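Worksheet: one structure, shown below.
Each value in this text was obtained by applying a stated rule to the coordinates, not by laboratory testing. All values derive from a computational prediction rather than experimental measurement. Please note: Cβ atoms are built from the backbone with ideal geometry, for glycine as well, and neighbour counts cover all protein chains shown.
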Amino acid sequence: MLSKTVFLAFASVTLAVTSGSMAAAQPAAKAKAAGLSPTCAAKAPVREFLIATGEWDTVPKNKEGKPAAYNDRGHARAANSKLERYTFDPSMIIVKKGDCVVLHIHSVKGDRHNLTIEGTEIGSEGAAVIDDSFKPTGAKAVARANPNAYEGPEKLKSGEFVRGEQVTLRFQANQAGTYRMICEAHTFIGPKGELSGYDDKGKPLAGPMVGYITVLP
Ligand SMILES: [Cu+2]
């Protein structure tokens, strides 16, 4: 996907030397090999982080303290409607090139989340799921019966994990830059990599839900 290459420093170089329908595939393949790799070198310093999924909401009020109609990124919202955002908390982590990074993503709020680190092969798809008492469940974060009764028995999508679950991602930071970690359950990614909290039909996704990993040189 072209959008996966947008934040990588060498995207402009690869775009300059490729053209036509191959342009999207070739930079993506290079990007996946270069930025973050799923294998850590044995002596790489380990940096471990716990990231919680949060859900912030409010009902906007006017000066008199009464519920007010408001405008949310170009969409008119009626008075008394809830303004809501899903977040990764912390939403910015900073590591050094060469670090072995371990992210524990714990779902505190929100029925379902997934996680993809843009331009890389790192994400929650296939990651092992750990339950609320921090024990591995033996399940992978792929399509499976949804244990969250609130949502009914439908299957989760690939890579999704639910409230009370945790997934752990491990990767080595090979290349300096800033990488976006995106929950695609709550984010629509446009053709130029722009993130929106509404899908292409205008349906609210309560996002964009995005965090940043900065790798210092
Ligand atoms: Cu999410």
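DSSP loop (so not H, G, I, E, B), at most 15 other Cβ within 10 Å: list which trypsin sites (Lys or Arg not before Pro) in the stretch 37-136 pass both filters. Please report the intermediate quantities before stating the final value.
Working: sites: K43, R47, K61, K63, R73, R77, K82, R85, K96, K97, K109, R112; in loops: K43, K63, R73, K82, K97, K109.
When the trypsin sites (Lys or Arg not before Pro) of the stretch 37-136 are filtered for loop state and at most 15 Cβ neighbours within 10 Å, K43, K63, R73, K82, K97, K109 remain.
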> What order do you get for D99, D72 when you list them from fewest to most C-beta neighbours inside 10 Å?
Replying inline: D72, D99
>> Taking θ = phi - 60°, what integer Hz values does the Karplus form 6.51 cos²θ - 1.76 cosθ + 1.60 yield along the stretch 95-108, in sequence order, with x for Gly and Pro?
In response: 10, 10, 3, x, 5, 8, 9, 10, 10, 9, 9, 9, 8, 8
>> Under 5 Å between amide hydrogens, which residues at least 5 positions from K96 or on another chain qualify, with H placed 1.01 Å from N in the peptide plane?
In response: L216
> the stretch 36-216: D in µm²/s via Stokes-Einstein (Kirkwood Rh, Cα pairs, 20 °C, 1.002 mPa s)?
Replying inline: 122
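Give me Y179, Y212, Y198 sorted ascending by neighbouring Cβ count inside 10 Å, so fewest comes first.
Y212, Y198, Y179
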> Hey, got a sec? Which GluC sites (Glu not before Pro) in the stretch 33-70 land in a DSSP loop and have at most 14 other Cβ atoms within 10 Å?
Replying inline: E64
> Non-local amide H neighbours of S81 (under 5 Å, H modeled in plane, Pro and chain starts lacking H): which ones?
Replying inline: none
> R73 to E121: extension gain in nm, 0.36 nm per residue of separation minus the Cα-Cα distance?
Replying inline: 14.2 nm
> How would you rank V162, V215, V108, going from fewest to most other Cβ atoms within 10 Å of each one's own Cβ?
Replying inline: V108, V162, V215
